[in-house]
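The values are calculated or read from the model by the stated rules, or taken from the named source; none is laboratory data. Predicted model, so just to flag it, every value in this text is computed and none were measured. Reconstructed Cβ throughout: ideal geometry from the backbone, glycine too, with neighbour counts over all protein chains shown. Only protein heavy atoms, including side chains, enter the accessible area calculation; ligands, DNA and RNA are left aside. Shrake-Rupley method; radii C 1.70, N 1.55, O 1.52, S 1.80 Å.
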Amino acid sequence: MNFEWLKQIMPRGLYGRAALILFLPVVVITIVVTVMFLQRHFEDVTRQLTRGVAAEVALVAERIETAPDLVAARIAAERLTGPLGLTLELPAAQAGRDARVFYDLSGRIVSAELYERVPELRAIDLSELREVRITLAGKWGEYRLIVPRTRVSASNPHQLLVLMIGTSLLMTAIATIFLRNQLRPIRRLARAAEEYGKGRIVPYRPAGAIEIRSAGTAFLEMRARIERQIEQRNQLLSGVSHDLRTPLTRLRLGLSMLSADAPPERDEVAALESDVAAMATMIDAFLDHAREAAQDNPPEPVAALEFLRGIVADARRGGQQVQLLTIEGDESELAIFSRDSLRRAIENLIGNAVSYGERAEIEGALGPGWFRVSVEDDGPGIPPERREEAVRPFTRLDPARNQNRGQGVGLGLAIAADIARAHGGQLRLGDGKRLGGLRAEIVIPR
């Protein structure tokens, strides 16, 4: 079946759809219950009560018809109407007429039952909601019986309808207020995302239900990650232009000093080759950092402690002074992470440790909800006030980290921090308690 026409009439906005989902079932159920209640309760109860009153009216009419004269008829009728709670007008002061207000839903049942069961009946006046005026024809002329309305119907249905509609409107207003409070955080999140798509950052704080808060937090983390990538890209361009300027200047100067008549000396060629090698190293580091975000291998379950042992073993085979100090946790337990990217982060920490110190000690721990890797060296360390600066790309803290011994471009800690954040964890820098140098810890959730 084709339901395209339904899509055309459905509301497009979030408020309209939420209101439709919330109020449409309530309205349908209210209508169904109202109809069923009116049919099963008011109609049946009114029909039963009216039948009883019709029998009383028929009895009074019989006594009037069998009386020998008008006075005797009045006396005989009053003997019945008094105990029955009826009011008699014999003869009637004015002619009777059929009348009923439009919202008197039970009045039609009263009229139908009385006309069916009382042959002498000539008119029923229901214009007064508190009483029923029944006009009958007899041999002494028309007369009227006045019956309290409560004798023929429990109560007027319009009272129930008014109460139901009023209650529905009140509850609708309350539900609208709550619905608006729940939908406002979604609209704020949509506005923040839309504005960020246009290149504008607007203040946003997660609020609302747990699911909306989770979505808002994820949006903020995504926005922060994108901003960091933009900042790192700008730093990459700045770092390339800054770090390559010095070797390029030396190359240009060295080439200008070469003579066209005499071959270059060995020392001059070696110096030029050294500058080219330094430039190649820098460019490779820049490209590796630029490719790191694109090489996002999917996380997989890994035997974390065995994985860490493999990294330390590879570092030792490479000639690095690395020692695996302690391992905590169950060897059979698994952690979910990207094997290649986390390996690179740990290898960067080990490389920094052995570059700026003599040796490094590694610790691993696998807890109930986390995986931690600690790398401690015996180097000069990093002052606490400069640790935040140290994890920025292309940052080299010369006084603190003995730049003469390192050949990097300031990306080791930055790459490790980015990888840790990509796994939902963090990189923490502190003071080493055993070796006295820097202690770097990567902590990620399992």
Take the conditions touching a strand residue (DSSP E or B) at 6+ places or on another chain (Cβ under 9 Å), surrounded by fewer than 21 Cβ atoms within 10 Å (Cβ to Cβ) and part of a helix (DSSP H, G or I) and apply them to E388. Does it pass? yes
If you go through I419, I415, I444, the only one that is open to solvent by less than 20 Å² (accessible area, probe 1.4 Å) and at pLDDT 90 or above is I444
Just the residues that are within 19 Å of F42 (Cα to Cα) and open to solvent by less than 60 Å² (accessible area, probe 1.4 Å), please, taken from the range 93-111. V101, D104, S106, G107, I109, V110, S111
Looking at the range 393-402, can you tell me whether even one residue there is under 22 Å from L342 (Cα atoms), open to solvent by 30 Å² or more (accessible area, probe 1.4 Å), in contact with a Gly (Cβ under 8 Å, 6 or more places away or on another chain) and at pLDDT below 85? yes
Please verify whether L59 is closer than 16 Å to V147 by Cβ, part of a helix (DSSP H, G or I) and within 60 Å of the chain's Cα centre (by Cα), treating the condition exactly as stated. no
For the range 302-360, how many residues meet the condition of being part of a helix (DSSP H, G or I) and either in contact with a Lys or Arg (Cβ under 7 Å, 6 or more places away or on another chain) or of a type outside the set (S, T, Y) (or both)? 31
Within the range 68-85, does at least one residue satisfy the condition of being within 16 Å of R151 (Cα to Cα), open to solvent by less than 30 Å² (accessible area, probe 1.4 Å) and touching a residue at least 60 places away in the same chain (Cβ under 8 Å)? yes
Selection status of V57, in the same structural domain as G107 (by the TED database), out of contact with any Asp or Glu (no Cβ under 8 Å at 6 or more places or on another chain), within 18 Å of V110 (Cα to Cα) and open to solvent by less than 80 Å² (accessible area, probe 1.4 Å): yes
Select from the range 85-105 the residues that are in a strand (DSSP E or B) and among the hydroxyl-bearing types (S, T, Y) and list them in ascending order. T87
